[in-house]
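Nothing in this text is a laboratory measurement; each read-out follows from the coordinates by a stated rule. Only a predicted model underlies this, so the values are computations on that prediction, with no experimental measurement involved. Heads up, the Cβs are rebuilt from the backbone with ideal geometry, glycines too, and the neighbour counts pull from every protein chain shown.
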Amino acid sequence: MSADTRGAIDCDLHPALPGCMALLPYLDQHWREEITSRGLDNLDLSLWPPEAPLSVRQDWRPATGLAAGNLDLLREQVLEPFGTGIGILNTLFGAPALHNIDMAAALCRATNDWVAREWLDKDDRLRAGILVPVESPELAVQEIERRAPDRRFVQVLMLGAAETLLGRRANWPIFEAAERHGMPVALQVASATRYAPTANGWPTYLIEDHVNFAQTFQSQLLSLIAEGVFSRFPRLRLVLLNAGIGWVPSFLWRGTKEWRALRREVPWVDRDPAAIFRDHVRISVQPIDAPPDPADLAALLEIIGSDDLLLFATDWPHWRFEGTEALPPGLPERLRHRVLRENALATYPRLKESEP
Amino acid sequence: MNRCPHQGAGLCEGEITGLVTSDRPGEFTLSRAGEIIRCPWHGWEFDIRTGQSWCDPSRIRIRPYPVAVAPGASLVQGPYVAETVPVRVEEDYVVIET
């Protein structure tokens with residue numbers, strides 16, 4: 001069973017941070033006192049209620065303690081059964097969403113130190129994304145610079161939705177730093193909740209938040225293309241985590257159609273958006289919003305037109321599939337190895353430096 | 001012949017303009033003034049010299065026609081010919097022979 005994925009590079013693992021109190025050893029005296037005196041602990045993101053069935057697969061929920069809360073659980077639930085070669089840790093934590101950018105920066109810093117000490121130091125198969133205070137590009141770049149010399153940090157982690165559309169020039173220092181250090185920027189299904197997640201106001205149910213997030217990803221991606229981020233930073237890669245792929249064809253078709261008519265407005269977009277997408281965007285394979293008939297997945301991928309697109313991921317501990325069936329049914333055999341390893345190695349230059 | 005390959009608009013009604021390009025976001029360069037025609041319906045741009053579209057030059061193109069300025073008589077003789085008769089002048093009289 002595990003032979004199917006042996007050696008795989010799992011691009012989306014979510015270690016659970018217990019809360020701000022667990023970060024006290026990694027905070028300076030000032031922030032330790034601030035956090036303690038306010039009793040600030042839980043900063044869970046609203047899209048991921050810890051007790052919701054979606055947030056933790058049933059057989060991955062331990063009898064006691066926090067799901068995805070320690071390395072033993074990761075080894076027992078993922079690294080061993082899937083035969084994982086490399087696993088990338090993408091912490092989901094609300095620190096970047098704080099309005100107080102200095103506190104956000106302190107907590108992001110502490111979170112990255114916690115990941116390094118509690119996880120990376122203990123298992124050499126592990127890598128991680130750098131959590132950054134997205135509301136302050138200046139402080140975000142400081143954190144990237146601080147962490148970049150540690151080659152186990154392989155990407156920059158950003159909230160999928162924050163204060164501004166990502167392509168805006170105010171955010172460019174983050175992309176400049178990421179490109180310079182050979183790190184992709186990864187967007188998570190997580191929001192700073194500055195705005196309603198739909199253009200028509202606030203939804204009622206968790207299912208709406210999750211389904212609508214495909215639109216959020218499209219808004220961000222279109223902003224990055226239209227503002228010229230990929231023209232200005234040609235080596236930058238964007239990784240969409242938990243984005244699914246069902247929306248991609250219509251996005252490419254509509255984007256290309258309108259670009260043909262309106263490209264004079266954005267002449268730095270010197271290729272059609274579909275070509276830019278294929279060169280710069282990668283998507284993790286779980287959850288897959290594939291057609292009901294697995295036989296149709298090949299057709300969908302054919303339409304998208306990129307063998308480089310998909311990155312293997314279990315999305316641990318989120319409940320996406322059963323057993324070790326993390327590869328979507330119907331994935332063409334010729335893509336299996338690309339999805340399991342090659343695409344990730346091409347996307348994350350730092351993984352090649354110490355490939356196990 | 002006067003049709004945009006997209007949806008058939010009369011291309012001759014389009015604006016004759018130049019090419020807008022950019023080396024980096026926020027910077028604009030206007031070149032090749034008068035060499036680009038924009039379809040009046042959806043703004044697709046075509047290179048007047050080659051017929052190639054800007055958006056997909058290898059697949060979307062219009063038929064180019066060679067154009068030159070030349071005197072009419074060098075291109076074609078008209079079909080209408082007036083009757084001519086020999087004329088000469090003799091001692092202040094114009095003599096027409098019929």
Relative contact order (%) - criterion: Cα under 8 Å, at least six apart; region: the range A:2-354: 20
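Exactly which GluC sites (Glu not before Pro) in chain B are in a DSSP loop and have at most 14 other Cβ atoms within 10 Å?
Details: sites: B:Glu13, B:Glu15, B:Glu27, B:Glu35, B:Glu45, B:Glu83, B:Glu90, B:Glu91, B:Glu97; in loops: B:Glu27, B:Glu83, B:Glu91, B:Glu97.
Within chain B, the qualifying GluC sites (Glu not before Pro) (loop, at most 14 other Cβ atoms within 10 Å) are B:Glu27, B:Glu83, B:Glu91, B:Glu97.
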Which residues' amide hydrogens lie under 5 Å from the amide hydrogen of B:Arg32, considering only partners 5 or more residues apart or on another chain, with H built in the peptide plane? B:Leu19
Please report how far the C-alpha centroid of the range B:33-98 lies from that of the range B:1-27, rounded to the nearest whole angstrom. 24
Considering only B:Pro86, B:Pro57, B:Pro25, give the residue with the highest GNM mean-square fluctuation for chain B, with springs between Cα atoms whenever their separation is below 10 Å. B:Pro86
Looking at chain B, which longest stretch skips every one of the trypsin sites (Lys or Arg not before Pro) that is in a DSSP loop with at most 14 other Cβ atoms within 10 Å, leaving the sites themselves out? B:4-48
Normalise the Cα radius of gyration of the range B:1-68 by 2.2 N^0.38 Å (N = residues in it) and let me know the number. 1.12
If you plug each phi of the range A:16-27 into the Karplus form 6.51 cos²θ - 1.76 cosθ + 1.60 with θ = phi - 60°, what whole-Hz ³J(HN,Hα) values come out, in order, with x for Gly and Pro? 8, 7, x, x, 4, 4, 5, 8, 3, x, 9, 9
Mean ellipticity per residue at 222 nm, deg cm²/dmol - from DSSP H runs of n ≥ 4 across the protein assembly as shown, formula -39500 (n - 2.57): -7500 deg cm²/dmol
Rounded, prolate or oblate for the range A:87-150? Axes are the square roots of the Cα gyration tensor eigenvalues, ordered a ≥ b ≥ c, and the cut-off for rounded is a/c under 1.5. prolate
Cysteines without a disulfide-compatible partner [chain B; Cβ-Cβ under 4.7 Å]: B:Cys12, B:Cys55
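List the chymotrypsin sites (Phe, Trp or Tyr not before Pro) in the range B:26-79 that DSSP assigns to loop (not H, G, I, E or B) and whose Cβ has at most 14 other Cβ atoms within 10 Å. Which are they? Walk me through the numbers on the way to the answer.
On the way: sites: B:Phe28, B:Trp41, B:Trp44, B:Phe46, B:Trp54; in loops: B:Phe28, B:Trp41, B:Trp44, B:Trp54.
Sparse-neighbourhood loop chymotrypsin sites (Phe, Trp or Tyr not before Pro): B:Phe28.
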